[in-house]
Amino acid sequence: MVKTIHLPEELRPLLRKTFGVLYTGVGDDTIQKLSKDLGSPTKLISVGDVTTFHLLNSNIIPDILIVDDRTKRGPASASVVVGTKHTGFCEIFVDNPPGVITEDLIDVVHDAIKSEDHVRIFVRGEEDLAALPAILLAPEGSVVLYGQPDEGVVFVNITKSKKEEILDLLDKIIGGQEDRNNMIDIRRKFNGY
């Protein structure tokens, strides 16, 4: 049985806040703005089709990209779908339904971060919550980028305090799960065990 973290409706507003710095704008212009602050992160992780497309289009190659061929809950354009398929990436597929984080997604993100290869994670379902495990599992000094629909791109510097902030949020979500015993393994993975 796949263990999952379900995002309850009443906690969805907590995820509407940005977890980093929002670079406003659209397309390659937004990427150019944030590229000035990118430096040389330990790992660069991109979550979302449009964000990833514009990174690659700007010749910024993430270590890990997480996509689902969708944007704003609808199909991504053909150019975005094709544009996120970069030849330099090994590809991993994972199932992750909308509104949840599966243990499988956590494991795939963990393995991709440990890999020396560039990894493209294709989520069958929805990758909207994938930024949370990416932030928690990425080494300090990394950067996670994810799209904020109709606003721009969120730039998250991975620090100990950022990880604690996200872990506190996930503890609120996990604490409300019906089967808390099944959440023990997931909680341990987020704590690095």
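The values are calculated or read from the model by the stated rules, or taken from the named source; none is laboratory data. Just so we're clear, the structure is a prediction, and the values are computed from it rather than from any experiment. No Cβ is skipped: glycine too gets one built from the backbone with ideal geometry, and neighbour counts run over all protein chains shown.
A few notes on this one:
- Subset of the stretch 133-163 (residues that are free of Cβ contacts under 8 Å to residues at least 60 places away in the same chain and not in a loop (DSSP other than H, G, I, E, B)): PRO133, LEU136, LEU137, LYS160, SER161, LYS163
Listed here are the residues, each with its yes/no results for (1) surrounded by 13 or more Cβ atoms within 10 Å (Cβ to Cβ); (2) under 24 Å from SER35 (Cβ atoms); (3) aliphatic (A, V, I, L, M); (4) modelled with pLDDT under 90.
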residue	(1), (2), (3), (4)
PRO98	yes, no, no, yes
ASP107	yes, no, no, no
GLU116	no, yes, no, no
ASN182	yes, no, no, yes
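- Residue within the stretch 18-41 that is over 29 Å from ASP117 (Cβ atoms) and under 16 Å from the mean Cα position of the chain (by Cα) present: yes
- Exactly one residue out of ASP128, ASP168, ASP107 is in a loop (DSSP other than H, G, I, E, B) and either of a type in the set (Asp, Glu) or farther than 26 Å from GLU91 by Cβ (or both), and it is ASP128.
- Annotation: TYR193 fulfils all but one of (1) modelled with pLDDT under 85; (2) not in a loop (DSSP other than H, G, I, E, B); the unmet one is (2).
- Residue, surrounded by the most Cβ atoms within 10 Å (Cβ to Cβ), within the stretch 1-53, restricted to residues that are touching a Ser or Thr at 6+ places or on another chain (Cβ under 6 Å), in a helix (DSSP H, G or I) and among the charged types (D, E, K, R): ASP49
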